[in-house]
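Below: one structure, written as structure tokens.
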Amino acid sequence: VQLQASGGGLVQAGGSLRLSCAASGRTISSAVMGWFRQAPGKEREFVAAISRSASTTYYSDSLKGRFTISRDNAKNTVYLQMNSLKPEDTAVYYCASDPGSRSIYNSGNYYYWGQGTQVTVSS
């Protein structure tokens, strides 16, 4: 499966962005999907994940309440709505697919990755 992330950009603190991750080559309906981010000089960190049916969502504790993950299996797309953005949210955001039966919080467990989209939040 190929994942294409988009929707990043430059936004002022307090603003919002909606990231999209479009999949091709294979349906994502059978896979858990996740978002991760990586800031310069830092390790890649878990942001959010969503179950196959979208019945369950998971968030980094530090982001809960500001970010919302969703999916549209008919469109083979996953979204990340980001509100009340802060300068510390600046990072490259990656979507990922299919950790199998392993922990969704560990980036090393995901089989497929998108190329990343840059989010920059100015103060």
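Only a single criterion out of (1) touching a helix residue (DSSP H, G or I) at 6+ places or on another chain (Cβ under 6 Å); (2) surrounded by 18 or more Cβ atoms within 10 Å (Cβ to Cβ); (3) polar (S, T, N, Q) is not satisfied by residue 76, namely (1). When the residues of the stretch 96-123 are filtered to those that are crowded, with 20+ Cβ neighbours inside 10 Å and not β-branched (Val, Ile, Thr), the one that is modelled with the lowest pLDDT is 99. Of the residues in the stretch 30-43, how many are farther than 15 Å from residue 111 by Cβ and surrounded by 15 or more Cβ atoms within 10 Å (Cβ to Cβ)? Residues flagged as farther than 15 Å from residue 111 by Cβ and surrounded by 15 or more Cβ atoms within 10 Å (Cβ to Cβ) within the stretch 30-43 amount to 3.
Given the condition touching a residue at least 40 places away in the same chain (Cβ under 8 Å), surrounded by fewer than 21 Cβ atoms within 10 Å (Cβ to Cβ) and under 19 Å from residue 30 (Cα atoms), answer yes or no: does some residue in the stretch 80-87 qualify? Looking through the stretch 80-87, none of the residues is touching a residue at least 40 places away in the same chain (Cβ under 8 Å), surrounded by fewer than 21 Cβ atoms within 10 Å (Cβ to Cβ) and under 19 Å from residue 30 (Cα atoms).
Taking the criterion of being of a type outside the set (Ser, Thr, Tyr) and over 17 Å from residue 103 (Cα atoms), the residues of the stretch 15-36 that qualify are 15, 17, 18, 19, 21, 22, 23, 25, 26, 28. When only residues in the stretch 1-16 that are open to solvent by less than 30 Å² (accessible area, probe 1.4 Å) and of a type in the set (A, V, I, L, M, F, W, C) count, which is nearest to the chain's Cα centre (by Cα)? Only one residue tops the list, namely 5.
The values are calculated or read from the model by the stated rules, or taken from the named source; none is laboratory data. Source: prediction; values computed, not measured. When we count neighbours, we look across all protein chains shown, and the Cβ atoms used for this are built from the backbone with ideal geometry, even at glycine. The protein model used for the area step is the full one, side chains on, heavy atoms only, and it has no ligands, DNA or RNA in it. Shrake-Rupley method; radii C 1.70, N 1.55, O 1.52, S 1.80 Å.
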